[in-house]
1. Does the range 123-140 include one or more residues that are open to solvent by less than 60 Å² (accessible area, probe 1.4 Å), assigned to a strand (DSSP E or B) and in contact with a Ser or Thr (Cβ under 8 Å, 6 or more places away or on another chain)?
2. May I ask you to list pairs of residues, at least six apart or on different chains, whose Cβ atoms are under 6 Å apart, with the first in the range 119-133 being in contact (Cβ under 8 Å) with a residue 60 or more places away in the chain and the second being aliphatic (A, V, I, L, M)?
3. Residues in the range 141-153 that are open to solvent by 50 Å² or more (accessible area, probe 1.4 Å) and of a type in the set (Lys, Arg): how many?
4. Could you list, in sequence order, the residues of the range 85-99 that are open to solvent by 20 Å² or more (accessible area, probe 1.4 Å) and farther than 16 Å from MET147 by Cβ?
5. Evaluate the following for VAL109: is it free of Cβ contacts under 8 Å to residues at least 24 places away in the same chain and surrounded by 14 or more Cβ atoms within 10 Å (Cβ to Cβ)?
6. Residue by residue through the range 34-61, note down the ones that are farther than 17 Å from VAL162 by Cα and either touching a strand residue (DSSP E or B) at 6+ places or on another chain (Cβ under 7 Å) or in contact (Cβ under 8 Å) with a residue 24 or more places away in the chain (or both).
7. Which members of the range 33-52 meet the condition of being touching an Asp or Glu at 6+ places or on another chain (Cβ under 9 Å) and open to solvent by 30 Å² or more (accessible area, probe 1.4 Å)?
8. Would you mind stating whether THR166 is under 14 Å from VAL58 (Cβ atoms), of a type in the set (S, T, N, Q), touching a strand residue (DSSP E or B) at 6+ places or on another chain (Cβ under 6 Å) and surrounded by fewer than 16 Cβ atoms within 10 Å (Cβ to Cβ)?
Amino acid sequence: MAAALALLAGLSGCVSTGRLPPARADAPALDALAFFTGQSRGEGTLKIALRRPRAVTVASVGRWGSGGGLILDQTVTLAGQPATQRQWQLRRDGPSGVAGSLSDAAGPVTGRIEGNRLHLRFIMKGGLRADQWLALQPGGYVLHNVMIVRKWGLPLARLDEVITQTEK
């Protein structure tokens, strides 16, 4: 067990957790559910420990569900692999909370909105823990998204993405 932890500690050094999207006074407050209604496109880089960074694109279409929450259908394309489909279902949970589900998560999604940022947390399959920060940029049409994936508290992967609204 000690050898496995030492190996993971060494691997985590290959994945940066620094430079999360900052809270910005010059950006409007984030209404995360409203931002994702309509079409948006994400372009970014996924860095997994001991692997080369890979380009990621995400095409999203969001709509309001009958229960008042957001249903967000996404097509995710990781360079060199076939596209995959996933779905988020999110609803407001109190004045600054968000709760829901993600089709490729192993449990519920929870989040908190603070100013222009949303911090989401969920557990992925295999016991991986995801922390995702989405920060609305000045102008209100672009989000900076950073997701850190950890196992036993050690960072194993980082997604750094820019999401742009393409149609409301």
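The values are calculated or read from the model by the stated rules, or taken from the named source; none is laboratory data. For clarity, every value in this text was computed on a predicted model and none was experimentally measured. Every residue, glycine among them, receives a Cβ derived from its backbone with ideal geometry; neighbour counts consider all protein chains shown. Surface areas here come from the heavy atoms of the whole protein model, side chains and all, with no ligands, DNA or RNA. Shrake-Rupley method; radii C 1.70, N 1.55, O 1.52, S 1.80 Å.
1. No - not one qualifying residue is present in the range 123-140.
2. TRP133/LEU20; TRP133/VAL146
3. Residues in the range 141-153 being open to solvent by 50 Å² or more (accessible area, probe 1.4 Å) and of a type in the set (Lys, Arg): 1 in total.
4. GLN85, GLN87, GLN89, ARG91, ARG92, ASP93, GLY94, PRO95, SER96
5. Taking the combined requirement at face value, the residue satisfies it.
6. Hits for the range 34-61 are ILE48, ALA49, LEU50.
7. GLN39, GLU43, THR45, LEU46, LYS47
8. Here the answer is yes, as THR166 does meet what is asked.
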